[in-house]
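Asker: Below you will find the structure I want to go over with you.
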Amino acid sequence: MSYLLSLLKSELLDLFKHFRDHLVKGNYRKVCLTAHNNADPDAVASLIAIKELVKKLINADVEVTLPTQVSAISKQVLSNLNMTLESSPIDSLHSCDLLIIIDTSSSQQLGEIARYLRGVKYVVVDHHDINRLCEGAELCVYDPSRKSTSEIVTSIYAYLGLNIGKELS
């Protein structure tokens, strides 16, 4: 694990610290997570891992709300792993204290969820080359040098000294 941490840029480590601190000090009662339309396996894996991470760090209700169903390949992966990913109705975003947007680079990818961005505090965790969502975010954990958002999430777990768990790895 220390080898992994030594490979990370110090700026990225600072972002991981800010991400943790933002969650811990935010006094959030309800945290909602979302990802892009037709969520692929990277988005789904990142959603599941960040949901567990938030539960480990703070005492809050954590819900996933997706703009559309997950992709066919994501459904297959979830089925093969005997896992599910429940999605709350989009209008439940009204009661979120914080929205974490995962593996999504623009509001267009969020469909109907995009209209909620003006009324909620949000954090972005993403790897895409260009991310337009970072402009309005409270915090943007963003590294375009990574091949996947899952890679960033795995690094957050490593930085925090948390075990990602057998079922999530």
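The values are calculated or read from the model by the stated rules, or taken from the named source; none is laboratory data. Model, not experiment: these values are computed from the prediction. Note: ideal-geometry Cβ built from the backbone for every residue, glycine included; neighbour counts use all protein chains shown.
Asker: In this structure, is VAL77 assigned to a helix (DSSP H, G or I), among the β-branched types (Val, Ile, Thr), touching a helix residue (DSSP H, G or I) at 6+ places or on another chain (Cβ under 7 Å) and surrounded by fewer than 20 Cβ atoms within 10 Å (Cβ to Cβ)?
Answerer: yes
Asker: What are the residues in region 75-111 that are under 17 Å from GLU52 (Cα atoms) and of a type in the set (Ser, Thr, Tyr), if any?
Answerer: Passing the criteria: THR84, SER87, SER88.
Asker: Then there's this: Which members of region 80-111 meet the condition of being among the acidic types (Asp, Glu) and either at pLDDT 95 or above or part of a loop (DSSP other than H, G, I, E, B) (or both)?
Answerer: Listed by number, the residues that qualify are GLU86, ASP97, ASP103.
Asker: From the list PRO67, PRO89, pick out the single residue that is closer than 15 Å to ALA39 by Cα and touching a residue at least 24 places away in the same chain (Cβ under 8 Å).
Answerer: It is PRO67.
Asker: If you don't mind, there's one more thing I want to ask. Which of the residues that make up region 12-32 are of a type in the set (A, V, I, L, M, F, W, C) and within 13 Å of ILE58 (Cβ to Cβ)?
Answerer: The answer is PHE19, LEU23, VAL24, VAL31.
Asker: Take SER107 and decide whether it is of a type outside the set (Asp, Glu), in contact (Cβ under 8 Å) with a residue 24 or more places away in the chain and either on the phi < 0 side of the Ramachandran plot or crowded, with 22+ Cβ neighbours inside 10 Å (or both).
Answerer: Yes; evaluated as a whole, the condition is true for this residue.
Asker: So which of SER148, SER88 ends up being surrounded by fewer than 19 Cβ atoms within 10 Å (Cβ to Cβ), farther than 17 Å from SER46 by Cβ and among the small types (Gly, Ala, Ser)?
Answerer: Step by step, each of SER148, SER88 is checked, and only SER88 is surrounded by fewer than 19 Cβ atoms within 10 Å (Cβ to Cβ), farther than 17 Å from SER46 by Cβ and among the small types (Gly, Ala, Ser).
Asker: Checking the structure you have, find out if any residue of region 40-57 is in a strand (DSSP E or B) and under 12 Å from the mean Cα position of the chain (by Cα).
Answerer: Looking through region 40-57, none of the residues is in a strand (DSSP E or B) and under 12 Å from the mean Cα position of the chain (by Cα).
Asker: Any residue at all in region 36-59 that's touching a Cys at 6+ places or on another chain (Cβ under 9 Å) and either of a type in the set (Phe, Trp, Tyr) or at pLDDT 95 or above (or both)?
Answerer: Scanning region 36-59 turns up no residue that is touching a Cys at 6+ places or on another chain (Cβ under 9 Å) and either of a type in the set (Phe, Trp, Tyr) or at pLDDT 95 or above (or both).
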